[in-house]
Amino acid sequence: MKSEHEIQSAIMVAVSQHQCTIFRSNVGKVKTADGRWFDTGLPKGHPDLYGFKWSNGKVFYLEIKNAKGRPRADQIQFHKMLAGHHIIHGIARSVDDALKIIDEELVGYGFKEVNDEKSN
């Protein structure tokens, strides 16, 4: 099984070659060499990757998971906020998923399955 890092790297290459600009989000806090804490400033649950389509300028967000990965509660909350504004986003477990989300301008791809699993 591929790691999330391997999947994310492959997605970044493929999407950047697909008439899109894509960025990696670094979320969290780290301690600097001089002992101070640095916070990236992004909200908790912010997806791993985000970018925009050159064709129409639409923004998209991609949460990267491996085959068994599940979104955390804060990621689900961020998904709900994006869905409420009809923003293109979803869980990408492969390059094909990422391109599908972007090309078809899907809102919440992969999150429905997570909700269905919880209700079973």
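Out of 51, 69, 84, report the one residue that is at pLDDT 90 or above, in contact with a Cys (Cβ under 6 Å, 6 or more places away or on another chain) and either of a type in the set (D, E, K, R) or closer than 23 Å to residue 107 by Cβ (or both).
Values: 69 fails: in contact with a Cys (Cβ under 6 Å, 6 or more places away or on another chain); 84 fails: in contact with a Cys (Cβ under 6 Å, 6 or more places away or on another chain).
Answer to the check: 51.
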Residue satisfying all of: in the range 1-41; farther than 25 Å from residue 100 by Cα and aromatic (Phe, Trp, Tyr); farthest from the chain's Cα centre (by Cα) among these: 37
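Restricting the search to the range 1-57, which residues are assigned to a strand (DSSP E or B), out of contact with any Gly (no Cβ under 7 Å at 6 or more places or on another chain) and surrounded by 11 or more Cβ atoms within 10 Å (Cβ to Cβ)? Can you show your working first?
Applying the first criterion (assigned to a strand (DSSP E or B)) to the range 1-57 yields 20-24, 29-31, 37-39, 49-53.
Of the ones still in play, those that are also out of contact with any Gly (no Cβ under 7 Å at 6 or more places or on another chain) are 24, 29-31, 37-39, 49-53.
Within the range 1-57, 24, 49, 50, 51, 52, 53 qualify.
Name the single residue that is surrounded by the fewest Cβ atoms within 10 Å (Cβ to Cβ) among those in the range 58-90 being aliphatic (A, V, I, L, M) and within 16 Å of residue 27 (Cβ to Cβ). Let's see the steps before the verdict.
Of all residues in the range 58-90, those aliphatic (A, V, I, L, M) come to 59, 62, 64, 67, 73, 76, 81-83, 87-88.
Adding the requirement that they be within 16 Å of residue 27 (Cβ to Cβ) leaves 62, 64, 73, 76, 81-82.
On the way: 62: 27, 64: 25, 73: 9, 76: 16, 81: 12, 82: 22.
Going through the qualifying residues, I end up with 73.
A quick yes/no check of all residues on (1) modelled with pLDDT of 95 or more; (2) among the polar types (S, T, N, Q); (3) touching a Ser or Thr at 6+ places or on another chain (Cβ under 7 Å):
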| residue | (1), (2), (3) |
| --- | --- |
| 8 | yes, yes, no |
| 22 | yes, no, yes |
| 28 | no, no, yes |
| 31 | no, no, no |
| 39 | no, no, no |
| 44 | no, no, no |
| 65 | yes, no, no |
Output for the range 58-84, where each listed residue is touching an Asp or Glu at 6+ places or on another chain (Cβ under 7 Å), assigned to a loop (DSSP other than H, G, I, E, B) and within 21 Å of residue 3 (Cβ to Cβ): 65, 66, 69, 71
Every pair of residues 6+ apart whose Cβ atoms lie under 8 Å, when the first sits in the range 30-51 and is farther than 24 Å from residue 80 by Cα while the second is in a loop (DSSP other than H, G, I, E, B): 38/32
Inter-residue pairs, beta-carbon under 9 Å, first among the aromatic types (Phe, Trp, Tyr) and in the range 64-91, second surrounded by 21 or more Cβ atoms within 10 Å (Cβ to Cβ), 6+ apart: 78/47; 78/63; 78/89
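The values are calculated or read from the model by the stated rules, or taken from the named source; none is laboratory data. Since the model is a prediction, treat every value here as computed from it, not as a measurement. Cβ coordinates were reconstructed from backbone atoms using ideal geometry, including for glycine residues, and neighbour counts include every protein chain displayed.
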